[in-house]
Amino acid sequence: MKRITAVLMAVLMITGLTACGEADPDKARESIQVIAMDTPMVFTAYGEKSTHAVYMAEDEARRLDALLSRTDENSVIYQLNHADGLGITVGEEVCGLIEAAEAYSQATGGAFDISIAPVVSAWGFTTDRYRVPDEAELAELLTHVGSEHITTAEDAAALDPGTQIDLGGIAKGYASDRVVAIFRENNVPRGKAELGGNILVMGDKPDGTPWRVGVQDPAKPDEEAYAAILTLEDAFIVTSGSYQRYFEENGKRYHHIIDPATGHPADSGLTSVTVVADSAEGNGTMCDALSTALFVMGEERALDFWRSGTYDFELVLVTEDGRVVVTDGLKDILTEVEESGYTYEIVS
Ligand code: ADP
Ligand code: MG
């Protein structure tokens, strides 16, 4: 009895202290690290409901992982990919995501294409059993790639025989859109979510200054080394790069972003593409799709696409020849990193 009272007292004291120390609900902070979608993620939230918010974010990432995984036999995407051309019910959410992917495919002239899946698998990126497929094999697989092989209707979808889809180029962006919605529902005044190369910053930092987000130096993927630093609030910052997943064979490097026009890893002169947009829900998905697509398109086509104004975003491109190309909307919030050795160009 005495012991129970003592334990209770201690609990009350700790709770009391916590409540006392965090009288300003804005300051309550919770941060968790999880691995979902094959990716290390960090969710950090402030505010009264910060704990609830970050655990809801984790649950959501796990739910989407189970729904969208290509390798999990229970996922809707797996079932669709193995339906032998038959239509199946995938639910409105997955249908909407496939349709969004189709729209980005259309807008980027096919540089983004979720039906690239069989080609991604041929290179071994789905199973980590890497190999270099020959041209005949790639040519055959490419006949199954393209929007015309995908049909959707409300909550159902069908793929032509031989066609498969891979939402890997968009899924983490969609997850980050769901996180921003969850944070808003929980009145999170400020926070940050990192889903691998997909970053969301909400509000400012507790000290009132903007968040600082580094653009990884693609030449030093395993170090804390940046090609540039962005200082910003309420934004998505999404990077696709050839340094993120690759294998080497006979001294040649093969990475995981495939050019649907050739079936080979995109060889566009870029080492990374970072897409920045405001934190409106939906922009996480947009940034993810575009970072993959613009990596395939290369510097010139990527900048033309940016200038076309089709979507509202800014860019940081890192090139193989040592340049960091920045669109002018970021010029006041980008800090150069002198020791990186890059030269910087602002374009308009
Ligand atoms: P990451 O998943 O490493 O963050 P991306 O968002 O750039 O990087 O997506 C790359 C993934 O998208 C690949 O692993 C593959 O599953 C898929 N993918 C590869 N090439 C394309 C493409 N041209 N269009 C759409 N998805 C692609
Ligand atoms: Mg992407």
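The values are calculated or read from the model by the stated rules, or taken from the named source; none is laboratory data. Only a predicted model underlies this, so the values are computations on that prediction, with no experimental measurement involved. Cβ atoms come from the backbone with ideal geometry, glycine included; neighbour counts cover every protein chain shown. Ligands, DNA and RNA are excluded from the accessible area calculation, which covers all protein heavy atoms including side chains. Shrake-Rupley method; radii C 1.70, N 1.55, O 1.52, S 1.80 Å.
So, in Å, what gap is there between the alpha-carbon centers of segment 79-121 and segment 275-334?
Segment 79-121 and segment 275-334 have Cα centres spaced 23 Å from each other.
Taking R0 as 22 Å, what's the FRET efficiency between Arg29 and Glu224 from their Cβ-Cβ distance, rounded to 0.05? Intermediate values should be presented prior to the final figure.
Working: r = 22 Å, r/R0 = 1.02.
The computed FRET efficiency comes out at 0.45.
Measure of size requested: the Rg and Dmax of segment 71-166, with Cα atoms as the atom set and Å as the unit; please supply both.
13.3, 38
In debye to the nearest 20, how big a dipole does the chain give about its Cα centre with +1 on each Lys and Arg Cβ and -1 on each Asp and Glu Cβ?
Working: 25 positive and 59 negative charges, 267 e Å.
Value, rounded to 20: 1280 debye.
Work out which helices of the chain, taken as complete DSSP H runs, extend at least 20 Å along their axis over the Cα atoms and score a mean Kyte-Doolittle of -1.0 or more, then list them.
Details: long enough: 2-21 (28 Å, 1.46); 50-68 (27 Å, -0.23); 92-107 (22 Å, 0.14); 171-185 (21 Å, -0.09); 283-308 (23 Å, 0.07).
Helices meeting the criterion: 2-21, 50-68, 92-107, 171-185, 283-308.
Which pairs break 32 Å Cα to Cα here: Lys220/Lys331; Lys205/Lys331; Lys192/Lys220; Lys49/Lys172; Lys49/Lys331; Lys172/Lys220?
Working: Lys220/Lys331 24 Å; Lys205/Lys331 21 Å; Lys192/Lys220 24 Å; Lys49/Lys172 24 Å; Lys49/Lys331 35 Å; Lys172/Lys220 23 Å.
Among Lys220/Lys331; Lys205/Lys331; Lys192/Lys220; Lys49/Lys172; Lys49/Lys331; Lys172/Lys220, the Cα-Cα distance tops 32 Å for Lys49/Lys331.
For segment 229-300, what number results from the quotient of the Cα radius of gyration and 2.2 N^0.38 Å?
Values: Rg = 13.7 Å, N = 72, 2.2 N^0.38 = 11.2 Å.
Normalised Rg, Cα atoms only: 1.23.
Can you give me the convex hull volume of the Cα atoms of the chain, divided per residue and expressed in Å³?
Details: hull volume 59.3 nm³, N = 348.
Taking the convex hull of the Cα positions in the chain, it is 171 Å³ per residue.
Grab the other residues whose beta carbon is less than 10 angstrom from that of Lys49, score K and R as +1, D and E as -1, and report the net. It would help to have the intermediate numbers written out before the result.
Details: positive: none; negative: Glu30, Glu48, Glu185.
Charge balance in the 10 Å sphere: -3.
Please give the per residue accessible area of segment 71-166, computed with a probe of 1.4 Å over protein heavy atoms only, in Å².
Details: 4440 Å² over 96 residues.
On a per-residue basis, segment 71-166 sits at 46 Å².
By per-residue mean of other Cβ atoms within 10 Å, what is the highest-first order of 196-205, 213-222?
196-205, 213-222
For the chain, give the percent of accessible area contributed by carbon and sulfur heavy atoms, probe 1.4 Å, rounded to a whole number.
Values: 8130 of 16370 Å².
With neighbouring chains kept in place, the figure for the chain is 50 percent.
Run the dipole for segment 71-166 about the Cα centre, Lys and Arg Cβ at +1, Asp and Glu Cβ at -1, nothing else charged, and hand back the magnitude in debye, nearest 20.
Numbers: 2 positive and 18 negative charges, 47 e Å.
Approximately 220 debye in magnitude.
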